[in-house]
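Below: one structure, written as structure tokens.
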Amino acid sequence: MRAFVVSKYKDPLHEADVPEPTVGDQDVLVMVTAAGLNQLDEKIRAGEFKQILPYTLPLTLGHDVAGTVIRTGSKVRDFKKGDEVYGRVRDGRIGTFAERIAVDQSDLALRPASISAVEAASLPLVALTAWQALVECGNVQPGQKVLIHAGAGGVGSVTIQLAKHLGAHVATTASASNADFVRGLGADVVIDYRTQDFEKELSGYDLVLDSLGGENLEKSLRVLRPGGKAIGISGPPDPAFARAAGLNPVLRLAITALSSKIRRHAKKLGVGYEFLLMHASGDQLRRMTALVDGGALGPIVGKAFPFNETPQAVASMTDGGFRGKTVIILPLPSSRTASLGSNQGGEDS
Ligand SMILES: NC(=O)c1ccc[n+]([C@@H]2O[C@H](COP(=O)([O-])OP(=O)(O)OC[C@H]3O[C@@H](n4cnc5c(N)ncnc54)[C@H](OP(=O)(O)O)[C@@H]3O)[C@@H](O)[C@H]2O)c1
């Protein structure tokens, strides 16, 4: 089948003919309709995640998928042939920039009925990040003040909506040209990061979601109330993350050193810092499905590319100047030439 792969870190993605996925007992074979792009894809291609996610090359890239179930493994009970599903596939089993992918059933959910597959493909990784930041790590309560950086981006645009749904007062940073857009998503306060210093405008915040790192993260600590918390998704990773990820002692030491400055700074201010690396979860996605169908959460597809332009789509993510997410769209199944192959260990539903 056709797929877009990384054969050497830093080289552009290229198209390849790869073997059909093997469908395990717990797996769902999905005919990919659309695949969402994430900065993580570009970072993996560039070799930035080699230590934390040590993949064997060549590697089919892609974390987010929406598509149709074409086969299920013998232990799959919640999905059947023909179901329309979406998901962020777990680390170690990525590869949604392909015609088909076998996904562990616990990474998938039925996609919201109120949106298209292209829209659904834009959601999993960023919606799960938003949920894990605001609910799991942040325990956001109604009336709390939450600052969400980069509100017009993939993560920001969903996190603003979720924070409003949870009843928070939301501030965000964005370019002036995106101010109305982020207000439309629910932001109560919009800071133009090009002309204003958010640190001078905001104070007493309960939670900050920082997706920029560096100086932005340091400044974010200073807008928190005592006891407030900053959640960093662009780093630096902290020792708790290194422990939970089971990283080797050398990497753990390096990570402890990387985050020591920000942790010291946080301690001095009486605030918390936590690094989050989101994880796949079909259960949490089911909640997202309900929120989307209930009107609380909407997908934001900024750009869509045909499948054969996947390398250009990945490269375009570093361009900026767009809102929300980039998605690639697969050709209609009837126009695909590759055979579906044999069952390879799974069972037909
Ligand atoms: N750790 C995790 O689990 C995890 C999960 C998801 C994402 N991430 C990381 O989080 C980062 C953001 O991801 P994303 O998907 O949201 O990226 P994205 O969609 O590419 O974000 C682009 C947005 O960043 C905004 N921006 C750029 N510089 C800014 C600044 N100085 N202040 C405020 N906003 C700024 C731009 O705003 P304007 O257009 O308004 O200028 C643009 O809308 C990436 O590094 C990604 O790898 C980590």
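We did not get these values from a lab; they are worked out from the coordinates using the rules stated. Note that the coordinates shown come from a computational prediction; the quantities given were computed from them, not determined experimentally. Reconstructed Cβ throughout: ideal geometry from the backbone, glycine too, with neighbour counts over all protein chains shown.
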- [ ] Can you tell me which of 68-81, 96-109 comes out highest on packing, and rank the rest after it, using the mean Cβ neighbours within 10 Å?
- [x] 96-109, 68-81
- [ ] Express as a percent, rounded to the nearest 5, the fraction of DSSP beta bridges in the chain (both residues included) that run antiparallel.
- [x] 55 percent
Open item on the list: For the chain, take the convex hull of the Cα atoms, compute a quarter of its surface area, and give me that in nm², please.
Closed with: 17.0 nm²
Open item on the list: In whole Hz and in residue order, list the ³J(HN,Hα) couplings for the stretch 11-22 that follow from phi through the Karplus curve 6.51 cos²θ - 1.76 cosθ + 1.60, θ = phi - 60°; x for Gly and Pro.
Closed with: 6, x, 4, 9, 7, 8, 8, 10, x, 4, x, 8
Task: Under 5 Å, built H, 5+ apart or other chain: amide partners of ARG71 - done: LEU29
Open item on the list: Connecting C-alpha atoms closer than 10 Å in a GNM of the chain, tell me which of ALA120, ALA242, ALA66 has the biggest fluctuation.
Closed with: ALA242
TODO: Sequence neighbours fewer than 8 away in the same chain don't count; with that in mind, list the lysines whose C-alpha is under 18 Å from LYS219.
DONE: LYS145, LYS200, LYS229, LYS261, LYS267, LYS268
Task: Whether the stretch 246-291 is rounded, prolate or oblate, judged on the alpha carbon gyration tensor where a/c under 1.5 counts as rounded - done: oblate
- [ ] Name the residues whose placed amide hydrogens come within less than 5 Å of the amide hydrogen of VAL208, ignoring near sequence neighbours (fewer than 5 apart) on the same chain.
- [x] LEU147, LYS229, ALA230, ILE231
Open item on the list: Between SER74 and ALA113, what's the calculated FRET efficiency when r is the beta-carbon distance and R0 is 30 Å? Round to 0.05.
Closed with: 0.60
- [ ] Please determine, in degrees from 0 to 90 and to the nearest 10, the orientation of helix 282-293 with respect to the longest principal axis defined by the Cα atoms of the chain, where the helix direction is its Cα long axis.
- [x] 80 degrees
Task: Debye intensity ratio I(q)/I(0), log10, the stretch 125-275, q values 0.08, 0.19, 0.22 Å⁻¹ (C-alpha model) - done: -0.21, -1.11, -1.41
TODO: Return one number: the angle in degrees, 0 to 90 and rounded to the nearest 10, between the long axis of the Cα atoms of helix 249-269 and the longest principal axis of the Cα atoms of the chain.
DONE: 30 degrees
- [ ] With θ set to phi - 60°, apply the Karplus curve 6.51 cos²θ - 1.76 cosθ + 1.60 along the stretch 37-46 and write out the HN-Hα couplings as whole Hz, x wherever there is a Gly or Pro.
- [x] 9, 9, 4, 4, 4, 5, 5, 5, 4, 7
Task: Distant-in-sequence amide H partners of PHE305 (H built 1.01 Å from N, under 5 Å) - done: VAL327, ILE328, ILE329
- [ ] Summarise the long-distance tail of P(r) for the stretch 41-160 by giving the % of C-alpha pairs beyond 17 Å.
- [x] 63 percent
- [ ] Report the relative contact order of the chain, percent, no decimals, based on alpha-carbon pairs under 8 angstrom and at least 6 residues apart.
- [x] 22 percent
